[in-house]
Amino acid sequence: MPVSLRRFFNKSPQWAIAILAILLVSFYWFVWAQERYVSYATVVLESPQVATPEFNLSSLMGGGAGNTADLLLLREHLLSVDMLRLLDEQLNVRQHYSERGDFFARLRNPDVPIEDLHKYYLRRVDIELDEYAGVLNIQVQAYTPEFAYDMASLLLNAGEDHMNQMGHRLADEQVHFLERQMVGLEERFTETRAQLLEFQNEYGLVSPTATVEGINQVVASLEGDLARLQAQRNALASFQSTQSAELRQVERNITALRDQIEEQRDRLAQATGNSLNRVSSEYQTLELQAQFAQETYSNALAVLENTRLEAARQLKQVSVLQSPLFPEYPTEPNRLYNSSVFAIITIFLAFIFSMILMIVKDHRD
């Protein structure tokens, strides 16, 4: 080593440490670090279009929010401990990452707790959401191309199954609840219809309301006839004797009409017994109950059908835009990039430390 350089390092040991660190890290990245293969995949979640969606302002403003939320749910599941357990059961993740790789990159102990294994898993699996495109980018690093490809493929299949199970579970609960409600509504509807028919058969009236209206019309017609006969009697009484045959006939007709009107009014309303107004009121109550039960049953049928359609829309299909790549050559680690970044940061820190030493020295002087 030249004398001038040796003096510089003796005077500024921080630069010697920085250069030594850069050389060691560069040696690790360019010589020691083992290569890793990367499998890429890009997916998007789609729902079946069971019915034509409504075209309105709210659908335009919030149409992509649900898809983004589903993608976030899918991302969290793919990065979860449950997914790691599934990968370990089917692909033996512990063995692959513990038997391969350099000292700093491999899983040092295959029997580490699941929490530590999950931290390592997050270093080898990267899943990013592209909100602008509405897609999920999946990247898996492994020490063999076969393992990277198998791991990415299993992530896609397990993610699609999980999203479908979530949609099915919610939809099935809604449909089963409505089906249970439908049983009670159907029984209520059948019961009210049977009560209405039994009431009609008991009184021999198909529609007591219509019968009451008919009787009212008959009474109105009889009262018109009565008024006409009373006018005729008054006219005859002005020039005939009260014992005349014609006047007495009119009186008998008036009496008969009054008795008839009284009889019809008794059919409509009386203090006791089954008068038509009471029968009509009971019939209207039963009819309203039957109509309400029918409308409730019809609405429930419509809601059940809509819920079934919504259940079909809850199904999520993971559409693959980029199928898992079977890597042909390793792309990780990025040796030049990692070494350059470390070198820049180290030089920057050494420069700052030198500036601090100069400031302290000036203050001492």
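Using 1/(1 + (r/R0)^6) with R0 = 56 angstrom and r between the beta carbons of Glu89 and Ile352, what's the FRET efficiency to the nearest 0.05? Intermediate results must be reported in sequence, preceding the final value.
Values: r = 49 Å, r/R0 = 0.88.
Once the sixth-power term is evaluated, E becomes 0.70.
One chain, two ends: Glu35 and Ser340. Fully extended at 0.36 nm per residue, the span grows by 108.0 nm beyond their Cα-Cα distance. With each label modelled as a point 7 angstrom along the Cα→C-beta vector, the Phe326-Ile17 pair spans 5.1 nm.
Give the calculated FRET efficiency between Asn306 and Leu122 to the nearest 0.05, with a Förster radius of 41 Å applied to their Cβ-Cβ distance.
Values: r = 41 Å, r/R0 = 1.01.
Plugging the Cβ-Cβ distance into 1/(1 + (r/R0)^6) gives 0.50.
If you plug the beta carbon distance of Thr68 and Thr296 into 1/(1 + (r/R0)^6) with R0 = 45 Å, you get a FRET efficiency near 0.75. In this label model, Arg193 and Ser244 are separated by 6.5 nm, measuring between points 7 Å along each Cα→Cβ vector. Each peptide in 136-143, 82-89 was scored by the mean count of other Cβ atoms within 10 Å over its residues; highest first, the order is 136-143, 82-89.
All of the numbers you see were taken from the coordinates with simple rules; none came from a lab. The model shown is predicted, which means the values in this text are computed figures rather than measured ones. We place every Cβ from the backbone using ideal geometry, glycine too, and count neighbours over all the protein chains shown.
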